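Have a look at the structure below, then the notes.
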Amino acid sequence: MGLSTTLANALTGLNAATRGADVVSQNVANARTPGYARREVNLSAQSLGGNGAGVRLDGIGRVLNQSLLGDRRLADAASVNAGVRSGFLSAMEKEIGPPGDAGSLSGTYAAFEAALIQAASRPDSNARLQSVVNAAGTLTDKLADLTKTLQQSRMDADSTIARQVDVLNRSLVQIDELNADILALRSSGRDATALMDQRQRLVDQVSEIVPVREVQRDNNQIALFTTGGAILLEGNPVTVGFAPVGVITADMTVASGALSGLTINGLAVPSGDGGVLGGGSLGAQFALRDELAPDIQFQIDALSRDLIERFHAPAADPTLPPGLPGLFTDAGGPFNALAEQGLAGRLRLNALADPMQGGALWRLRDGLGAATAGDVGNATRLTALRYALTFARIPASGSFFGAARSASGLAADVLSQVAGNRQTADSRQAYTAARQVSLAEMEAQDGVDTDAEMQTLLLVEQAFGANARVIQTVDDLINKLIGL
C-alpha cells in the first residue's frame, strides 16, 4: 500500500471521526427533546482495486424500537380516552353532590320532605307553607341546573371534536408533506433525520386523537392506519369531516340528524369509541356527547317524571280536575310521556300554589283544585303530599334497579349509578396511565444514554488521534523522501 493510499485512508478516518463527534453532540444536546431518536453513524469499509481505501460514510441512522413506539402511542390514546371519561363522571358526581350536602340532589329531596312535615304539623302557618314552595323551587332548580351542566358538557365536547378534527386534518397534511421532503433529501444523499423526528412528533399528536399504527414503506415513507381499520394516510391523506353546532338541547342526537357524526372523504363512518376513529381523545369526546351525558340526562328526566306522577295521583290531591297538572308541571302544563327528553330542565312548581306566580299558599293545604280556602287546621292534604313523596313505587322510565323506591331513594340511585361508573372509569384510567408511564420509561431507556455517548466520544477521539498520527507519519516520510 503506497503513501497516497495510506493518506487517503487516514483522511476518510478523520472524516468519519468528525462526523461521529458531531452525531454524539447532537445526541447529548437532544437527550430530552420529545420525538428525538438517537443517531448513529453508519460506516463500512470501502476498497479500490483490492487495496484498502478507508472508511465509507453510509449515512446517519435513527435508532428506535418501532414496536415499542407503536405500543406507547396506543397507550397514550387509551390514557387520554380514560381521562376524559373519568374527568366528566367525577365532575357530574360532584355536581349531583354527596347525600349529606344540603345543596346535593338528595339534600334537596330531604329538604322538601322536611318542609312538608313541618307544614303538616302547622297547616295554618303561611311561613311553613312558603317553606314548602321554596323547597320545591330549590328541587326544580337543582334538576334544571343538572340539565344545564349536562348540555353545556355536550356543547363543550362538540366544540372540542371540531378542534381535534381540524388538528387531525392539518397533521395528516403535514405528515404527507414531510414524507415528500424526506424522500427528496434522501434521494439527494442528504441527512433527513431531523425531518423524521418532526414527522414522529406529528404522528404522536395524531395518535392521541385517534389511535394509529404506523407502517413503514419504501424510501423512509410511512402510512397510517387506525386501530379501527380506517386508512388515514396511504400515498395521500384523507379528509375527516365534522360539522359542529352552536347549541345542544337534551333532545338532540346523531340519530335524529340534529348532531353531526364523522365522515372520511365525504363518506359517513360510525362515531365514538365503537367507530373506526375511536379509542383516543376524539372517541372519548363523542362518548361524552352522545352516551355519558345523555345517560345521566335520561335518569334525571325519569326522576322529574316520577315527581310529576307522584303528585298528580288522585291520592295526593283529589281536587285536581282531569287533565290538569299536579304540584309539579312540565313548563307549567301537563306532562306528555312522548316528550320526556329534557324534562328535568322544564320541571316547574304549579303556579296555583306559588304566590310569586299569582297563586295562593292555601292551595297546598286545601288542594290545587279547591275553589276557596278551607279549614286552616286541616293537614290531610299536606300529609297526603308527604306520603306521595315517600311511598315506594316503580318509576315509569329510567334505568333504575327495578324495585319500588321512594322519591329520595330514586335520587340516591342516580348518584349511586354515576359514582359506580366513575369508579369503573377511575380504575380504567389508573391502569391506562400506569401502562402509558411504563412504556414511556421503556422508550426513554432505548433513547439517548449520555454516559454511553461519552464513552462513544472517547472512542471517536481515539480514532481521530490515530488517523491524525498516520497523517503526521506520512507527512514525515514524504519530507524525508523529498530531502534525499
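Would you say Glu95 is surrounded by 15 or more Cβ atoms within 10 Å (Cβ to Cβ), part of a helix (DSSP H, G or I), modelled with pLDDT of 75 or more and over 36 Å from the mean Cα position of the chain (by Cα)?
Details: surrounded by 15 or more Cβ atoms within 10 Å (Cβ to Cβ): yes; part of a helix (DSSP H, G or I): yes; modelled with pLDDT of 75 or more: yes; over 36 Å from the mean Cα position of the chain (by Cα): no.
Spelling it out, it is not the case that Glu95 is surrounded by 15 or more Cβ atoms within 10 Å (Cβ to Cβ), part of a helix (DSSP H, G or I), modelled with pLDDT of 75 or more and over 36 Å from the mean Cα position of the chain (by Cα).
Could you list all residues from the range 352-397 that are within 20 Å of Pro321 (Cβ to Cβ), of a type in the set (D, E, K, R) and assigned to a loop (DSSP other than H, G, I, E, B)?
Hit for the range 352-397 is Asp354, nothing else.
Kindly list the number of the only condition in (1) touching a residue at least 24 places away in the same chain (Cβ under 8 Å); (2) closer than 30 Å to Glu214 by Cβ that fails for Lys148.
(2)
So which residues in the range 181-223 are among the basic types (Lys, Arg) and in a helix (DSSP H, G or I)? Explain how you work it out, then say what you get.
Step one: list which residues in the range 181-223 are among the basic types (Lys, Arg), which gives 186, 190, 199, 201, 213, 217.
Within the range 181-223, Arg186, Arg199, Arg201 meet the criteria.
Among the numbered criteria (1) surrounded by fewer than 14 Cβ atoms within 10 Å (Cβ to Cβ); (2) in contact with a strand residue (DSSP E or B) (Cβ under 7 Å, 6 or more places away or on another chain); (3) modelled with pLDDT of 95 or more, which single criterion is violated by Val240?
(1)
With the structure loaded, tell me whether Asp124 is modelled with pLDDT under 95 and either under 26 Å from Ser427 (Cβ atoms) or out of contact with any His (no Cβ under 8 Å at 6 or more places or on another chain) (or both) or whether it fails that test. Give the derivation first.
Details: modelled with pLDDT under 95: yes; either under 26 Å from Ser427 (Cβ atoms) or out of contact with any His (no Cβ under 8 Å at 6 or more places or on another chain) (or both): yes.
Taking the combined requirement at face value, the residue satisfies it.
Identify, please: which residue in the range 116-150 is within 17 Å of Gly342 (Cα to Cα) and surrounded by fewer than 21 Cβ atoms within 10 Å (Cβ to Cβ) and is, among those, nearest to the chain's Cα centre (by Cα)? Outline the logic, then answer.
Our first condition is that a residue be within 17 Å of Gly342 (Cα to Cα); within the range 116-150, this holds for 139-150.
From what is left, the residues that are surrounded by fewer than 21 Cβ atoms within 10 Å (Cβ to Cβ) are 141, 144-145, 148-149.
Working: Asp141: 29, Ala144: 26, Asp145: 23, Lys148: 20, Thr149: 17 Å.
Within the range 116-150, the match that is nearest to the chain's Cα centre (by Cα) is Thr149.
Between a residue in the range 230-242 that is closer than 15 Å to Arg217 by Cα and any residue that is of a type in the set (Gly, Ala, Ser), which pairs come within a Cβ distance under 8 Å, given they are 6 or more apart or on different chains?
Ile231/Ala223; Leu233/Ala223; Glu234/Ala223; Gly235/Ala223
Looking at the range 65-86, is at least one residue surrounded by fewer than 17 Cβ atoms within 10 Å (Cβ to Cβ), touching a helix residue (DSSP H, G or I) at 6+ places or on another chain (Cβ under 8 Å) and farther than 29 Å from Ala287 by Cβ?
yes
One residue is enough: does the range 420-431 have a residue meeting the conditions crowded, with 17+ Cβ neighbours inside 10 Å, among the aliphatic types (A, V, I, L, M) and within 21 Å of Leu68 (Cα to Cα)?
no
The values are calculated or read from the model by the stated rules, or taken from the named source; none is laboratory data. The shown structure was predicted, so the numbers you read here are calculated from the model rather than taken from an experiment. Glycine also receives a Cβ, built like all others from the backbone with ideal geometry; neighbour counts cover every protein chain displayed.
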